[in-house]
Structures are given as C-alpha cells and as structure tokens.
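Engineer: Please read through the structure below; I'll follow up with questions.
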Amino acid sequence: MSAFSEKDFDAKSYSSSRPSYPDEFYRVIDEYHVGARNRLIDVGCGPGVATFQLADKLKPFNQIFGTDISNTMVERARGRKGENFEKYEGVNFEVSPGDDFSFLKGPDNKCDMVTAVQCVHWLDFDSFQKSVAAVLREGGTFVIWGYADPIFPEYPKLDALLDDFSYGPDHLGPYWESGRQILRNLLRDLHLNTELFTDFQEACFNIDYIRSNQTDPLLIKRTITLAQFQDYLKTWSAFHSWKKSHSQERDITEGFVDRVQQLYPHLTKRSKFQVVWKSFYKLCRKL
C-alpha cells in the first residue's frame, strides 16, 4: 500500500485510468441491504471512484464517509467533491487506516453499511472484520469487491503477454507488495467470520467464466485504446516502484506496447479494444 501513499504518486491519473463499476452491481447491493440508510463508510476509498458511485447509484444514505490511509488519495477525493459540492454535500473523506473508525465522534458511532473496494488485500483481514463488526449496527451490510488481472476477449494472445509483464521476474514481478497474491487469487483464501456475520453471498469471475458467460453483475469492462491501457498500467503500485529504481531507463510499459504490436501488427496506440477484469464480491450482514 505504501506506493499509493507516497506524495509523488499520481492520484489524478489513477482516478482517470482505473475502471469503474457497473450499475447492475449497485442494484445487487441495494436489493441486499435492509433497514436504515443513515451512514455508509467506504474503506480504502482511494480517490473516491467507488465512493462517488455509491452516492450516485445506491438509494440515498444520509451520510457517506470515504476513508483511506493515503493523504494523497484523500486530497484527490476531496478535490473531486469540491468540483461538485452541492451534489456531494453529504460525502466526506477522512485519512484513516482501514480498521480505524475513531473519526466517528459522539455516541452515534454506528453505521448501516461498510464497503471495501479493491483494498482488502492490503489489510489484516481478521482485525478488519472485527473492526467492521464493531461499527456496524445489527443487520448492517458489509460488502467487499474488486478486480485483478484484465484479459482481452478479442486478442487472446495478449493474456499470456500481460501475465508475463505483470509477474515475470524480468518485468514487474519483483515490484509488487505482499498483498498482490491475495488479490490475484480473487480473495478466495480470505473467509468471512461466521461468528460476526451471516447471510453470505460470494462469487468470483475468472478467465474461463468471463470467456463463456459475460452476464455477471460485476462484469468490469472498458473499451479503450492501447494508449489508454498503457496509462492504466502506469497506475499500478508495481510500476510506481519500478520507476523509482529505473528512472534513467526506457519506460517499461513502452516495451509492453512493443510486444503487443509484434503479436498484432495492425494495432496502434489509437486502436480500441475491449478489456475485461477478473472480479469478485462478498456480501454479508452483521449478526
């Protein structure tokens, strides 16, 4: 997580290049949630991608907090709120670790929903669950979701190429922080605590599923140019770490583009193609 917290991390490019989440998945959350909608906390909010979508897509909550340990990310989120203050007056952002809800002051420190989007792999999952259970009201909703390792439905040869670029020892493999393997496995090894939560709904959507069935509610896809995909690669924490130790070398993402064009010579940086990310979600309620 440290790369995202560094002052020179490009939070603006992160928010513009990262994928957003489909409307259908927010409908799933809406249908799952029961009871009051006073307060929602979005943990690990980054620049507010999901936080603002939660405000836009869900039936209204009176108050929404986005929290992140990175001041760089939170400042970017606050700036986006300032650009649309009237629309997002009820949305606030706090610099806070994922398992710390002490920013809630006063006796009314419970909430009705906690979301954790694309961040749980950075956290101590047992400690995080206990903290969430302590802040959620009985019956409140806990939602985890995210994505990893995109594929290219129209250009299957690129799947192996991207895997080598992402995790090969001569490319970005050595520059990932420890939580990446958890995310690669779509959080299958992280289990919700049955003593704290109930009414579980969980799903993972891997390459085989995506290629055979593109109807899941968390189908994260974009049609983008090769240049835009290159910009996305530059938002990875591993790229940020690689760049710091290879500042005088040719951008490693340029090498990836070269290899794409070797496999598919007709593709230029302006060529558009579909990208689909493997994804997962977990929903439960506080006992």
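The values are calculated or read from the model by the stated rules, or taken from the named source; none is laboratory data. The structure displayed is predicted, hence computed values, not measured ones. Note: ideal-geometry Cβ built from the backbone for every residue, glycine included; neighbour counts use all protein chains shown. Surface accessibility is based on the protein's heavy atoms, side chains included, excluding ligands, DNA and RNA. Shrake-Rupley method; radii C 1.70, N 1.55, O 1.52, S 1.80 Å.
Engineer: Spin-label point model (7 Å from Cα, Cβ direction): what's the Glu195 to Ser212 distance in nm?
Structural biologist: 3.8 nm
Engineer: Here is a further query. Assuming R0 = 25 Å, can you tell me the calculated FRET efficiency for the pair Val34 and Glu202, based on Cβ-Cβ distance, to the nearest 0.05?
Structural biologist: Efficiency, rounded to the nearest 0.05: 0.85.
Engineer: Then there's this: So for the pair Lys130, Gln181, with labels modelled 7 Å out along Cα→Cβ, what separation do we get in nm?
Structural biologist: With each label placed 7 Å out from Cα toward Cβ, I get 2.5 nm.
Engineer: Could you derive backbone 3J(HN,Hα) for the stretch 61-68 from the dihedral phi with the Karplus parameters 6.51, -1.76 and 1.60 (θ = phi - 60°), listing whole Hz in sequence and x where the residue is Gly or Pro?
Structural biologist: 9, 5, 8, 10, 10, x, 10, 7
Engineer: Right, next: By a straight-distance test (C-alpha under 26 Å), which lysines pair with Lys57 as possible cross-link partners, with residues fewer than eight away in the same chain excluded?
Structural biologist: Hits, sequence-local ones excluded: Lys12, Lys81, Lys87, Lys110, Lys221, Lys278, Lys282, Lys286.
Engineer: Among the aspartates and glutamates, select those whose C-alpha is under 13 Å from the C-alpha of Lys272, and discard any that sit fewer than 8 residues away in the same chain.
Structural biologist: Of all the aspartates and glutamates, those that pass the test against Lys272 - Cα under 13 Å, at least 8 places apart if same chain - are Glu154.
Engineer: Right, something else. Sort out for me the Cα centre separation of the stretch 168-210 from the stretch 237-287, rounded to whole Å.
Structural biologist: A separation of 18 Å, based on Cα centres.
Engineer: Any idea of the accessible area per residue across the stretch 148-232, 1.4 Å probe, to the nearest Å²?
Structural biologist: With all protein chains present, the stretch 148-232 gives 49 Å² per residue.
Engineer: Something else about it: Which FRET efficiency value, to the nearest 0.05, is calculated for Lys272 and Asn109 with the Förster distance at 41 angstrom and r the Cβ-Cβ distance?
Structural biologist: 0.30
Engineer: Something else about it: Quantify, in whole percent, the carbon and sulfur part of the accessible surface of the chain (1.4 Å probe; protein heavy atoms only).
Structural biologist: Here it works out to 45 percent.
Engineer: Another question, if that's okay. Run the helix sum for the chain: -39,500 (n - 2.57) per DSSP H stretch of 4+ residues, divided by residue count, reported at 222 nm to the nearest 500 deg cm²/dmol.
Structural biologist: Computed ellipticity for the chain at 222 nm equals -10000 deg cm²/dmol.
Engineer: Right, another one. Can you give me the accessible area per residue for the stretch 14-144, using a 1.4 Å probe, in Å²?
Structural biologist: I get 41 Å² per residue for the stretch 14-144.
Engineer: Excluding ligands and nucleic acids, what accessible area in Å² is computed for Glu75 using a 1.4 Å probe, to the nearest 10?
Structural biologist: 90 Å²
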